[in-house]
1. With θ set to phi - 60°, apply the Karplus curve 6.51 cos²θ - 1.76 cosθ + 1.60 along the stretch 291-296 and write out the HN-Hα couplings as whole Hz, x wherever there is a Gly or Pro.
2. Given axes a ≥ b ≥ c from the Cα gyration tensor, I'd like to know whether the stretch 189-312 is rounded (a/c under 1.5), prolate (a/b larger than b/c) or oblate.
3. Heads up, I need the accessible area for H55: 1.4 angstrom probe, whole protein in place, Å², nearest 10.
4. Under a crude label model (7 Å from the Cα following the beta-carbon direction), how far is M164 from T213 in nanometres?
5. Arrange the residues S61, S247 by how much accessible surface each exposes, largest first, with a 1.4 angstrom probe.
6. If you count only protein heavy atoms with a 1.4 Å probe, what accessible area per residue comes out for the stretch 139-207, rounded to a whole Å²?
7. Given a 1.4 angstrom probe, I'd like the percentage of the accessible area of the stretch 82-148 that is carbon and sulfur, rounded to a whole number.
8. Each residue of the stretch 120-135 in order: what ³J(HN,Hα) in whole Hz does its phi give by Karplus 6.51 cos²θ - 1.76 cosθ + 1.60, θ = phi - 60°, with x for Gly and Pro?
Amino acid sequence: MSETTHDGAVAVSAAPPSPDDGLSPAELATKYGLSVSGARVGLGEYVRQMWGRRHFIVTFSSAKLTAQYSQAKLGQLWQVATPLLNAAVYYFIFGLLLKSNRGMPKDEFIPFLVTGVFVFTFTQNSAMAGVRAISGNLGLVRALHFPRASLPISFALQQLQQLMFSMIVLGVVLLGFGHFPALAWLLIIPTLALQFVFNTGLSLIMARLGAKTPDLAQLLPFILRTWMYASGVMFPLATTLERAGASGWISDAMLGNPAAVYMDLMRYALIDDYTKANLPPHVWALALGWAVLFGVGGFVYFWKAEEQYGRG
């Protein structure tokens, strides 16, 4: 309020106090029905939102897979050539130079090695894609409102699709070395299903950690390389531990780690001479336990930081 005095000056009277004076921002938001933009919804509602985005997840993963080699002259052939070349390099180093086959004949060791490389690569690439799922797609995260878990899940699904090409190569390798289809090959389905759930949870965990600490993407390859050598990708782990005289708890820990478990299951399903004696105790229970622990735990862990992604 203002009024003019006799000398022409303008006097301003004090405004009446506002009913909002003294209220905190949270109290003001409650009073006027405001909510935080991008606030985390309940876990059940989050799962329903994820189900509603299922077509986006599948389409996005397929598009990323197609675009992965779009600039290369050989195009999608690299989806088959890349894992095959990796296996060839590992065979040259560990099979021919270092003789790490531990007495396994060539017709068993090469399928053993190729299976291990392909299975571990599935987990390795899921982790690497997950760690960049948020930090590498900030434009998308900040521009659109959707459940952020859609991104790491779609990247894990992309790696599963990539593995399907590798399995074609693996089938040719198995046939070439005298390992023909058998009833045990049906175990591929539950093995890959459990590993995919585990990989998805791992991707979700890496996505949250990578969103907060982008430098983790530079450190992760060294961690994964150590994990690869500790999981028996290139050599029979049980035999190596036995010859090294490793103590019982060390052997149990290394044989029970998820990468070793899923590789052993796949080798048992596909390779004729890879018997049950090579498997750690309760291997199916371990495979299921790792899948549930990381699949459910990773999803909840990622969801708890939903409102933080893309901020800052």
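The values are calculated or read from the model by the stated rules, or taken from the named source; none is laboratory data. Keep in mind the model is a prediction, meaning the values are calculated, not measured. Positions of Cβ are generated from backbone atoms using ideal geometry, with glycine treated the same way; all protein chains shown enter the neighbour counts. Keep in mind that these areas ignore ligands, DNA and RNA; they rest on the heavy atoms of the full protein, side chains included. Shrake-Rupley method; radii C 1.70, N 1.55, O 1.52, S 1.80 Å.
1. My calculation for the stretch 291-296 gives 5, 5, 4, 7, x, 6 Hz in order.
2. Prolate shape, in that a/c is at least 1.5 and a/b is the bigger ratio.
3. Here the residue's solvent-accessible area equals roughly 120 Å².
4. Placing both labels 7 Å along Cα→Cβ, they lie 3.6 nm apart.
5. Per-residue accessible area, sorted high to low, gives S247, S61.
6. On the way: 2760 Å² over 69 residues.
Value for the stretch 139-207: 40 Å² per residue.
7. 63 percent
8. Once θ is set to phi - 60°, the couplings for the stretch 120-135 become 5, 4, 4, 5, 4, 5, 5, 5, 5, 5, x, 5, 9, 4, 8, 5 Hz.
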